[in-house]
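First the structure, in the form of structure tokens, and then the observations on it.
Each reported figure results from applying straightforward, stated rules to the coordinates on display, with no laboratory input. In this text, all values refer to a predicted model and were calculated from it rather than measured experimentally. With ideal geometry, Cβ positions are generated from the backbone for all residues, glycine too; neighbour counts draw on all protein chains shown.
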Amino acid sequence: MALKQIDHGSKAYSQMVQLRMEILRKPLGLSFISEELEQEKNDILIAAFDEDEILGCCILTAIDNSRIRLRQMAVQKNVQGKGIGESIISFAENIARDKGYKILTMHARNTAIGFYEKFGYTVKGAQFEEVKTAHHVMEKKLM
């Protein structure tokens, strides 16, 4: 498995959008709008590949000089539970740390809270609804 940053608009990015659609959006009856995808041009796009097949992905979006947000974490259903998500999180944290960010934050679906807690993320604040699903803000200080 190879972890890498990918370019917006590339073939790999198209695969990333498709994976996110299948795992995150389609089950909720949602899709992407072009403006939403266009805003990702300035984000850090991360993907895990097995040769040319995308296995998982996430996006890092800067909030300010010290905080960055992890978004759109997705892993193919047939390889969930095999350490791919853990590898993506670790890779994303290292990139964020290398770029000088001190806190990694996210809006985690309630169903994923346990997954993120295993890696040192803590719930901050009350539950809220986003994309038709219950979420909590979670964060971790990057050392």
Practice task
Rounding to the nearest 20 debye, state how big the charge dipole of the stretch 2-141 is about its Cα centre with +1 on each Lys and Arg Cβ and -1 on each Asp and Glu Cβ.
Solution key: 460
Exercise for the section: State the answer as a single residue: which of GLN15, ALA126, LEU37 lies farthest towards the positive end of the charge dipole of the stretch 2-141, with beta carbon charges of +1 for Lys and Arg and -1 for Asp and Glu, about the Cα centre. Expected result: ALA126
Fill in the blank from the handout: Rounded to the nearest 500, the 222 nm mean residue ellipticity computed for the chain from DSSP H runs (n ≥ 4, each -39500 (n - 2.57)) alone is -7000 deg cm²/dmol
Fill in the blank from the handout: Place a point 7 Å from the Cα of LEU30 in the direction of its beta carbon; the residues of the stretch 82-114 whose amide N falls under 11 Å from it are 109
Problem - Nearby lysines by direct alpha-carbon distance to LYS82 (threshold 20 angstrom, same-chain neighbours under 8 apart not counted) - result: LYS4, LYS118
Problem - Choice from SER87, SER34, SER14 with maximal GNM fluctuation in the chain (Cα, 10 Å cutoff) - result: SER34
Completion exercise
Once phi for every residue in the stretch 135-143 is put through the Karplus expression 6.51 cos²θ - 1.76 cosθ + 1.60 (θ = phi - 60°), the whole-Hz ³J(HN,Hα) values, with Gly and Pro written as x, are 9, 9, 6, 10, 8, 8, 7, 8, 8
Handout entry: Under the Karplus curve 6.51 cos²θ - 1.76 cosθ + 1.60, θ = phi - 60°, whole-Hz ³J(HN,Hα) for the stretch 14-30, x wherever Gly or Pro sits
Key = 4, 5, 4, 4, 5, 4, 4, 4, 5, 8, 9, 9, 3, x, 9, x, 10
Problem - Rounded to whole Hz, the Karplus (6.51, -1.76, 1.60) HN-Hα couplings of the stretch 60-71, x for glycine and proline - result: 10, 10, 5, 9, 8, 5, 10, 10, 9, 10, 8, 9
Problem - Share, in percent, of DSSP beta bridges within the chain that are antiparallel, nearest 5 - result: 90
